[in-house]
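Visitor: Take this structure, written in structure tokens, and hold onto it; I'll ask about it next.
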Amino acid sequence: PTYSGTMAVSVHAPSEDIWPWLMQIGYQRGGLYSYDWLDRLFGYLDRPSATRILPEFQSLAVGDEIPLGRGPGWPVAVVESCRALVLDMRNMGGFDWVWQFGLYTVDEKRTRLVSRSRVRTRTFWARLLTYAIEPAGFVMTRRMLLGVKERAEALRAGRADTHERRAA
């Protein structure tokens, strides 16, 4: 690859509380959970990222496409429920880009959310563009992981509160 990047966060929730957020990513779906104002500025989103699970977007299959605003969509290459989501965009304007989200159980209360990106460029200009946008990509992806973490932990906390109220 021309560029390869891996980032991860530990989430204090099981993979079942993280997975729904990954299932609904995308334009006119759940959003990207990053800096919404930047995502809107670049045309990736048309509204803020969701703060709740959207049942209508909880199903993805291999071959589906996750839209990203005015740009090309991300074809879904792999869906392993509560384990892995792989997006595979190849031959798009001089780029081949594979983006993978992995969920790795640490224990019954914690999961490691990992983002892996691999980009191969086919032209000098595509390579130059990759190097130019990499710092912004790092910042946006880091915020996305933290956004998913915050939402999953809030979902988990809400379920724990509901369970405690029922037990009382």
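Visitor: With viscosity set to 0.890 mPa s at 25 °C, what whole-number translational diffusion coefficient in µm²/s follows for the stretch 47-92 from Stokes-Einstein and a Kirkwood radius over Cα pairs?
Guide: 204 µm²/s
Visitor: Expected output is a single nm value to one decimal: the length gained when fully extending between GLU80 and LEU146, i.e. 0.36 nm times separation in residues minus the C-alpha distance. What is it?
Guide: 21.6 nm
Visitor: Along the Cα→Cβ direction, 7 angstrom out, place labels at GLU56 and ARG122. What is the inter-label distance in nm?
Guide: Label-label distance for GLU56 and ARG122, simple model: 3.5 nm.
Visitor: Shifting gears a bit: Under a 1.4 Å probe, what is the accessible area of the stretch 63-110 per residue, stated in Å²?
Guide: On a per-residue basis, the stretch 63-110 sits at 54 Å².
Visitor: ASP88 versus ASP46, label points 7 Å from Cα toward the beta carbon: distance in nm?
Guide: 3.0 nm
Visitor: Given an 8 Å cut-off on Cα distances and at least 6 residues of separation, report the relative contact order of the stretch 46-118 as a percent.
Guide: Relative CO of the stretch 46-118 lands at 17 percent.
The values are calculated or read from the model by the stated rules, or taken from the named source; none is laboratory data. Keep in mind that this is a model prediction, so the values were computed, not measured. Because the Cβ atoms are built from the backbone with ideal geometry, glycine has one as well, and the counts that use them run over all protein chains shown. These area figures cover heavy atoms from the full protein model, side chains too; ligands, DNA and RNA do not enter into them. Shrake-Rupley method; radii C 1.70, N 1.55, O 1.52, S 1.80 Å.
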